[in-house]
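Below is one structure, written out as structure tokens; the observations come after it.
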Amino acid sequence: MIFDSDSYLMPFKRVITDRYQKLVNKRQDLTGKDGTISSSANNHLYYMLHKEGKEWVVREWAPNATAIYMVGEHNSWVKDERYAFRRIDGGNWELRIPEKELKHGMLYKYIMEWPGGSGERLPAYAVRCVQDEQTKSFSAQVWNPDKKYRWKKKYSRTFRNPLIYEVHIGMAVEQEKVGTFNEFRENVLPYIAELGYNTIQIMALQEHPYYGSFGYQVANFFAVSSRFGTPDEFKQLVDEAHGYGIAVIMDVVHSHAVSNEVEGLSRFDGSEDLYFHPGERGKHPAWDSRCFDYGKDAVIHFLLSNLKFWMEEYHLDGFRFDGVTSMLYYDHGLGRDFCSYDAYYDGGQDEDALVYLGLANILVKELRSDAFTIAEEMSGMPGLAAPISQCGWGFDYRMSMGVPDNWIKWIKDVREEDWSMGGMYYELTNKRKDEKTISYVECHDQAMVGDKTVIFRLIDKEMYFSMDKASKNPIVERGIALHKMIRLVTVATAGDGYLTFMGNEFGHPEWIDFPREGNNWSHKHARRQWSLKDDPELRFKALVDFDRDMIHLIKGGNVLRQTPMQLYVSDSEKVLIFARGRFIFALNFNSVHSFSDFEFCAPSGEYRVALSSDAEAYDGFGRIDESVHHYTLRKDGGDKLSLYLPSRSAMVLEKIR
């Protein structure tokens, strides 16, 4: 149990075991004594528009409704008694339509009526919603193509350590527009495979009315965003990713829902609390969105069915759950520090949300044992990524959100000369032993409007004038050197996986800003300037080459399967050296001094240089002779290596015998 390996949890043993028992009880309530969650999570099969014999059938859960009508292209958008739902049991409504009256591609909506009001609504289980270019309003679309997509690749995950390339399909093009699944599949997917990443994490897949929300204000949970293409085009993307041996996970948003009523679930049947908490508890104070009531079985079934649908319909390999901290706490974790274990067990936690997350993780594993889940959670609640059998909550990994926060703090607030190597190593390796983690320097969050990418913090305006190879700008040279070192030390100290956001591997400049009224609806900062990395006259190419070789080394050497071992740390010299498996990582963050014959204790053997950030191929100064092998010598009762450590450089040594 998690409290057996962490004595600080022992005072909370009763709370932990009580929460675990709630999960056990809820699982049994949903499935019966011997049932599975996967066999009970089938709401989408019941409610979604589908064919039964010679009829179309669609159902909705709307207990407060007094009438529901389907209007659309099939009946000239007129409320018609022929397309009125009939009330059945449990607050459900049903409509049956002759097969010939609905065709693939037809648009439709609902007119929902309730005591004292009515309004347009979209189906809660719509699989496709499209936006009208002129009115900007959304409609559901009948999706039943004559030719079903035929999957070509069978895929199962074989890797233990995810190396994640986080992407947004819409901004994955260089043109100032919204990119598509096909463009991503043709142009970006082969590049990701070349870099060596084994997982793509896709944002903004669930349909969302406002593009600038980055996909985090979801309206239609079962609909893949039509901005990027069709469901079949997304399937082809997933299929080809699997052909490259790349897993595809989805950034799923179950932490809240958009407040929009016409497009989303808010006041779906006129009532405030159908899917969400009533009153202020049902409104997220920071996100202007609606908060799910995880204590309702109907909500749990809706969300679990949503996960099952995405996995089965699109062959996804798992999920990164967004906003988990917001789910876990009544105050959403806003405005407070989590500096003691009391904060996790003081009664301020939404235990219904915890139970839902446990059920979700059980479901994913029932559907596919090789699928995996990641929690985006910043409070550090213990046990979130521990096995459920150990009184954990079953996530396979959690994001190490403190790592990018520390990098920003060090770069922004601390002089480089004052960086602590001991503090850096501690913060990068400080992880719970009973949980797997994903480290990263920056994801999409670190570059949102008003912020900057790491390299833009390091180089700033000089990126506009001095990123050509002919320029000899000390600010640029410093930024490029640190960009490589920061990424190398982060992935090399990662617990169990690593993530980067697309373009950041080659030092994409500036920030991310989606089209909005404040920027005159511009796409200038909602795209990726891929041509920068391909221009041989610019320095970006060296950075992407370094990232590629770094990722291949980490992956090919199974580095993350080993435990880091500190060898040498010096704040005064700014030197950090540690071993991991058969590799030694030696970093000299000193901005001025290089060290000749730098001696430190190391595992006995012969070593070769496997990677040097100072190599000319990576826009370094070529101060390391990579042909030289290094041998430990027995000295003063220990085995020692002696190296030349140039300033602001890192090298990786591989033990070859």
For the range 251-375, the dipole about the Cα centre with charges only on Cβ (Lys and Arg +1, Asp and Glu -1), to the nearest 20 debye, works out at 140 debye
Length gained, R634-Q562, 0.36 nm per residue minus C-alpha separation, equals 23.4 nm
Relative contact order in percent for the chain (Cα pairs under 8 Å, 6+ apart) equals 11 percent
Expected vector for the range 597-611, Karplus 3J(HN,Hα) from phi with 6.51, -1.76, 1.60 and θ = phi - 60°, integer Hz, x for Gly and Pro, equals 6, 6, 10, 7, 6, 8, x, 4, x, 9, 10, 10, 7, 8, 6
Between the modelled labels at I408 and E573 (7 Å from Cα along Cα→Cβ) the distance in nm is 3.4 nm
With 0.36 nm assigned to each residue of separation and the Cα-Cα distance removed, E517 to R96 gains 147.3 nm
For the range 433-486, listing trypsin sites (Lys or Arg not before Pro) in a DSSP loop whose Cβ sees at most 10 other Cβ atoms within 10 Å gives K433, K472
For the N430, D451 Cβ pair and Förster radius 30 Å, calculated FRET efficiency rounded to 0.05 is 0.80
Between E510 and N75, Cβ-based FRET efficiency (R0 56 Å, step 0.05) works out to 0.70
Expected field for F595, accessible surface area in Å² at 1.4 Å probe radius, rounded to 10, holds 40 Å²
Note: probe point = Cα of T66 + 7 Å toward Cβ; backbone nitrogen < 15 Å; residues of the range 107-122 passing the test are 112-119
Row for the range 549-657, column shape: gyration tensor on C-alpha, a ≥ b ≥ c, rounded if a/c < 1.5 i.e. under 1.5, prolate if a/b over b/c, else oblate; value rounded
Cα gyration tensor of the range 417-461 diagonalised, 5x eigenvalues square-rooted, in angstrom largest first, produces semi-axes 25, 17, 6
Too long for a 19 Å Cα-Cα cut-off, among K26/K296; K103/K147; K412/K533; K100/K136; K436/K655; K153/K436, are K412/K533; K100/K136; K436/K655; K153/K436
Among K235/K365; K469/K541; K452/K484; K177/K524; K13/K33, the pairs whose Cα-Cα distance exceeds 19 Å are K235/K365; K13/K33
Over the range 1-138, with neighbouring protein chains present, the accessible area per residue in Å² at probe 1.4 Å is 52 Å²
Applying the gyration tensor rule to the Cα atoms of the range 339-455 (axes a ≥ b ≥ c; rounded if a/c under 1.5, else prolate if a/b exceeds b/c, else oblate), the class is prolate
Only helices counted: for the chain, with every DSSP H run of 4 or more residues adding -39500 (n - 2.57) and the sum spread over all residues, [θ] at 222 nm is -7000 deg cm²/dmol
Here FRET efficiency (C-beta to C-beta, R86 to S531, R₀ 60 Å, nearest 0.05) is 0.55
Rounded to the nearest 10, the angle in degrees between the Cα long axis of helix 474-493 and the longest principal axis of the Cα atoms of the chain comes to 70 degrees
Note: V592 to N42 extended length (0.36 nm per residue) minus current alpha-carbon separation gives 191.7 nm
Net charge near R185 (other residues with Cβ under 14 Å of its Cβ; Lys, Arg +1; Asp, Glu -1) is -3
Counting only backbone N atoms under 18 Å from a point 7 Å out along Cα-to-Cβ of S226, the residues of the range 132-147 in range are 132-146
Taking only protein heavy atoms and a 1.4 Å probe, the highest-to-lowest accessible-area order of D597, D614 is D597, D614
Distance in Å, no decimals, from the C-alpha centre of the range 231-288 to the one of the range 577-597 is 45 Å
Computed over the Cα atoms of the range 458-599, the Rg and Dmax in Å are 17.8, 59
Of all trypsin sites (Lys or Arg not before Pro) in the range 308-416, the ones in DSSP coil with at most 13 other Cβ atoms within 10 Å are R336, R415
Classified through the alpha carbon gyration tensor (a ≥ b ≥ c as square roots of its eigenvalues; rounded if a/c is under 1.5, else prolate when a/b is larger than b/c, else oblate), the chain comes out prolate
Accessible-area order for Y244, Y191, Y46, largest to smallest, probe 1.4 angstrom, reads Y244, Y46, Y191
Under a 1.4 Å probe, counting only protein heavy atoms, M448 has an accessible area in Å², nearest 10, of 50 Å²
Heavy-atom accessible area of S326, protein chains in place, probe 1.4 angstrom, given in Å² to nearest 10, is 10 Å²
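The values are calculated or read from the model by the stated rules, or taken from the named source; none is laboratory data. Only a predicted model underlies this, so the values are computations on that prediction, with no experimental measurement involved. So basically every Cβ, Gly included, is an ideal-geometry build from the backbone, and we count neighbours across all protein chains shown. Just so you know, the surface numbers come from the protein's heavy atoms only, side chains and all, with ligands and any DNA or RNA stripped out. Shrake-Rupley method; radii C 1.70, N 1.55, O 1.52, S 1.80 Å.
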